[in-house]
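Structure first, commentary second.
The values are calculated or read from the model by the stated rules, or taken from the named source; none is laboratory data. Since we're looking at a predicted model, the values are computed, not measured. Cβ placement follows ideal geometry from the backbone for every residue including glycine, while neighbour counts extend to all protein chains displayed. Remember, those area values only see protein heavy atoms, side chains included, never the ligands or the DNA or RNA. Shrake-Rupley method; radii C 1.70, N 1.55, O 1.52, S 1.80 Å.
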Amino acid sequence: MIVTVEHLSYSYPGGVKALDDVSFSIADGESVAIVGPSGAGKSTLLMHLNGLLPENAAADGEAAVRVGELPVARRHLAEIRRRVGFVFQDPDDQLFCPTVREDVAFGPLNLGLARDEVERRIAESLAAVGLADFAQRSTLMLSVGERKRVCVAGVLACRPDVLVLDEPTSNLDPRARRELLAILDAFAGVRIIATHDLDLVVAHCQRVLVLDGGRLHADGPPASILSDTALMTRHGLEVPLRLKLARSGWSDGL
Ligand code: ADP
């Protein structure tokens with residue numbers, strides 16, 4: 001198991017309990033969606049996967065989250081963040097350099113890689129997201145979809161084992177959405193995706209976790225979990241159109 005979460009609970013300093021005894025594990029190569037209504041705890045859970053909530057990065061013995069053999073604990077954060085690449089929902093939270101190449105170089109430079117290796121990583125990851133010619137472009141002069149792909153390139157440049165994405169398709173038009181999903185499909189490692197885009201889940205994930213009120217309510221294959229009308233309604237979700245159509249025999253061509 002490459003990602004293991006055991007009895008993870010978390011309350012924000014103000015006292016809001018965002019996660020309540022959450023446990024699951026993910027095997028190498030799995031593509032796993034986390035769904036649930038707003039406020040369910042999805043972003044809080046993602047942030048625990050690479051120690052973005054440092055006050056909760058426990059001492060080794062108590063760590064509720066492990067990536068491979070490593071606990072998500074303060075003293076391992078540098079290696080944890082190499083292993084787990086985090087793509088924020090809003091590219092503005094992630095991109096801060098004047099040019100695309102500088103932004104993509106940031107992670108590899110931070111890892112202390114040699115200059116020629118950094119150059120190789122920039123070229124490789126921009127090619128992987130279909131932006132090979134964009135290295136000298138300003139990050140401010142790009143479409144939302146391109147900015148999102150630059151974020152993914154920056155994360156891929158660190159060659160992570162796990163990609164964590166918060167609402168990767170929000171604000172993307174259909175073509176940009178398709179391009180981003182093709183990049184995710186091509187990634188061989190673990191993908192963990194918090195999303196309201198249930199069609200994405202059906203078509204691109206092998207497994208879905210339903211989170212609500214900070215608790216895990218279901219964990220299984222999208223086709224069976226997301227077609228459970230009672231479960232979906234209980235957690236403020238809706239059976240995706242393609243599953244409704246599949247039920248009625250009209251799925252061809254979707
Ligand atoms: P989701 O991503 O599913 O919308 P979140 O993880 O953002 O859910 O939020 C889970 C709960 O934690 C919500 O009740 C939310 O209001 C609360 N919360 C989120 N961030 C903070 C914060 N920085 N301080 C206090 N409460 C927060």
*asked:* Please list, ordered by chain and number, the residues whose modelled amide H lies under 5 Å from the amide H of residue 2; skip anything fewer than 5 residues away on the same chain.
replied: 26, 27, 28
*For the stretch 223-230, take each phi angle, set θ = phi - 60°, evaluate the Karplus expression 6.51 cos²θ - 1.76 cosθ + 1.60, and give the result in whole Hz per residue in order, putting x for glycine and proline.*
4, 8, 5, 7, 9, 7, 4, 5
*In percent, how large is the relative contact order of the chain, given Cα pairs closer than 8 Å and 6 or more residues apart?*
24
_Peptide ranges 181-192, 39-50, 131-142 listed from the most packed, as the mean C-beta count within 10 angstrom indicates_ = 39-50, 181-192, 131-142
_DSSP-defined antiparallel bridges as percent of all bridges, the chain, nearest 5_ = 50
*What are the residues whose amide H is under 5 Å from the amide H of residue 215, where those residues sit 5 or more places off or on another chain and H is modelled from the backbone?*
20
*Point-to-point label distance, residue 196-residue 224, nm (Cα→Cβ direction, 7 Å offset)*: 2.9
_From the phi angles alone, apply the Karplus equation (6.51, -1.76, 1.60; θ = phi - 60°) to the stretch 153-169 and give each ³J(HN,Hα) in whole Hz, x where the residue is Gly or Pro._
4, x, 6, 4, 5, 8, 6, x, 8, 10, 10, 10, 10, 9, 6, x, 9
*Cα gyration tensor of the chain, axes a ≥ b ≥ c as square roots of the eigenvalues: rounded (a/c below 1.5), prolate (a/b > b/c) or oblate?*
oblate
*List, in order, the whole-Hz ³J(HN,Hα) value for each residue of the stretch 173-180 obtained from phi through the Karplus relation with A = 6.51, B = -1.76, C = 1.60 and θ = phi - 60°; use x for Gly and Pro.*
6, x, 5, 5, 5, 4, 5, 5
*Add -39500 (n - 2.57) for each DSSP H run of 4 or more in the chain, then divide by its residues: what number comes out at 222 nm, to the nearest 500 deg cm²/dmol?*
-10000 deg cm²/dmol
*How do 224, 170 stack up against each other in accessible area, from largest to smallest, with a 1.4 angstrom probe?*
224, 170
*Amide H to amide H, which residues 5 or more places from residue 9 or on other chains are under 5 Å from it, using H placed in the peptide plane?*
21, 22
*Rounded to the nearest Å, what's the spacing between the alpha carbon centres of the stretch 75-153 and the stretch 155-193? Just the number, please.*
13
_Proximal lysines to residue 148, defined as alpha-carbon separation beneath 28 angstrom and excluding residues fewer than eight positions away on the same chain_ = 42
_Within the chain: Cβ-based charge dipole about Cα centre, in debye rounded to nearest 20 (Lys, Arg +1; Asp, Glu -1)_ = 200
*Protein accessible area in the chain, 1.4 Å probe - carbon and sulfur %*: 53
*Using a 1.4 angstrom probe and counting only protein chains, how large is the accessible area of residue 8 in Å², to 10?*
10
*Which whole-number value in Å² is the accessible area per residue of the stretch 62-124, probe 1.4 Å?*
53
